[in-house]
Amino acid sequence: GTQLGKFVAHPLLILGDDITTDHISPASAIPKDSLVADFLVSKGDDRNDLNVFASRRGNWEVMMRAAFHSKTLVNHLAPNIPLPHTLHVPTGDVMPIWDVAERYRSEARSVVVIAGERYGMGSSRDWAAKGQRLLGIRAVIAVSFERIHRSNLIGMGILPIKLLDQTPKGLGVKSCDVFEINAQPEKIRPRAMLDVKLIRVGGEVVQLKAVAAIETQLEVELLQNGGVIPSILKQKIHAQARCEAVSH
């Protein structure tokens, strides 16, 4: 279903500028001492012959674990977080990103990614957006987006939100802060101002100047339906209902 609505979300990752699709979904060799390698070995693979991430594109469990698996990615959520880990804020546990995402999901809490300029630059990879959807990311709040990655996020039903006069660094987001996003499906419009608040751990509320990074009415409909695949299913169901109505 749709990821839209009014929701409060924890940041799953807080990132800087120039986060590429390689950072988000690597294609390089799978390091044999990595958690992804441990997962593949547990399924019967040879630790010395794991090939590259790109060769695993058909396996969503590997690609979900590969998301944000980059030595050069800095996660500002807490200092010295090892790769590919993040912080589960309510408990203070540092765990693999997909475990943290799964724990938030089991607690019925929403998650977002916070980033700087040119989020998703580099070669276009649809898995960069798919991996984020598998982690349950509802929105990406960034200063600016690379054009193709922005539309790929929308294709996965993830709302891209553009910060107008702030940066993640300037906001000084602390790990216990949460974001309140009011993205009611009926209010979403191309380039519409969005009601986004940063609620600090002490209770201070900072109203952010933010806009929906949506360009067309078709993108609005994709987001309202939850992405490309739910949209296609919805069209098919409607077409079938029309055919049945005609035939009766």
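Odds and ends about this structure:
- Assessment of the range 72-86 against the conditions (without any contact (Cβ under 8 Å) to a residue 12 or more places away in the chain, over 15 Å from the mean Cα position of the chain (by Cα), more than 27 Å from Val196 (Cβ to Cβ) and outside any strand (DSSP E or B)) yields at least one matching residue.
- All positions within the range 38-53 that are surrounded by fewer than 16 Cβ atoms within 10 Å (Cβ to Cβ) and closer than 24 Å to Asn75 by Cβ: Asp38, Val52
- Meets criteria (part of a helix (DSSP H, G or I) and more than 21 Å from Arg138 (Cβ to Cβ)) for Val41: yes
- Identification of helices (runs of 4 or more DSSP H) wholly contained in the range 124-222 with 3 or more residues that are on the phi > 0 side of the Ramachandran plot, among the charged types (D, E, K, R) and open to solvent by 30 Å² or more (accessible area, probe 1.4 Å) yields no element.
- Members of the range 48-71 found to be in contact with a helix residue (DSSP H, G or I) (Cβ under 7 Å, 6 or more places away or on another chain), closer than 16 Å to Asp33 by Cβ and part of a loop (DSSP other than H, G, I, E, B), listed by number: Leu50, His69, Ser70
- Some residue of the range 26-33 being open to solvent by 60 Å² or more (accessible area, probe 1.4 Å), closer than 25 Å to Leu222 by Cα and outside any loop (DSSP other than H, G, I, E, B): no
- With respect to the stated conditions, Trp98 is hydrophobic (A, V, I, L, M, F, W, C) and in contact with a Lys or Arg (Cβ under 6 Å, 6 or more places away or on another chain).
The values are calculated or read from the model by the stated rules, or taken from the named source; none is laboratory data. The structure displayed is predicted, hence computed values, not measured ones. Cβ: placed from backbone, ideal geometry, glycine included. Neighbour counts: every protein chain shown. Ligands, DNA and RNA are stripped out before the accessible areas are found, and what is left, the full protein with its side chains, is counted by its heavy atoms. Shrake-Rupley method; radii C 1.70, N 1.55, O 1.52, S 1.80 Å.
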